[in-house]
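Data first, discussion second: the structure below is written as structure tokens.
The values are calculated or read from the model by the stated rules, or taken from the named source; none is laboratory data. Keep in mind the model is a prediction, meaning the values are calculated, not measured. Cβ coordinates were reconstructed from backbone atoms using ideal geometry, including for glycine residues, and neighbour counts include every protein chain displayed. To get the accessible areas, we keep the full protein, side chains included, count just its heavy atoms, and leave off ligands, DNA and RNA. Shrake-Rupley method; radii C 1.70, N 1.55, O 1.52, S 1.80 Å.
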Amino acid sequence: MASKQLSIPAQATAAVEMITRRIYVVRGKKVMLDRDLAELYDVSTKAFNQAIKRNRTRFPADFMFQLSAQESANLRSQFVTSSFGSHGGRRYRPHGFTQEGVAMLSSILKSQRAVQVNIAVMRAFVSLREMAVSYANLARKLGALERRCDTHDHHIKLVFETLKRLIREPARPRHRVGFVSQDHPVIS
């Protein structure tokens, strides 16, 4: 069955694209950082993390984890600005939230803005998943095309070798084939 594309307003699409740029791969998982989520929810990172601390049992390790010093340094090196966060940096390493962790945030942050942000974030994660599937299909097709070209290269090489051999060999005299009738002389 073909999947139906939902019509998403242009403003929502722009929000999804903006959010998609804030999704990072850490420990092989797609995550959003606490500071990015706090900014989207329009709260301070400190207030955001305090709400998470008060509800820590809702966030098992596969929903949220604190980045290691090395992971933080790796992310910091990817950012254009020199400091990680505003006002010269952070006291604690950031937390990464998986798609499930972001969904769990909706049970903690209940403002209208939080609802809209959660919807946009879920769409961004789904969009990334769809792109990953598209890239996998493209890679598979590219591999098949590459294998087909390899066999075509072999066949083209054989054609050229045959043509070269035919050009090098002198033409042999041809013998006439057929019947000669006594009544009709052969016309040459």
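Here is how the numbers come out for the structure above:
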read-out	value
Residue in segment 46-58 that is open to solvent by less than 30 Å² (accessible area, probe 1.4 Å) and at pLDDT below 85 present	no
Filtered residue count, segment 16-42, keeping only those that are in a loop (DSSP other than H, G, I, E, B) and either in contact (Cβ under 8 Å) with a residue 12 or more places away in the chain or crowded, with 20+ Cβ neighbours inside 10 Å (or both)	3
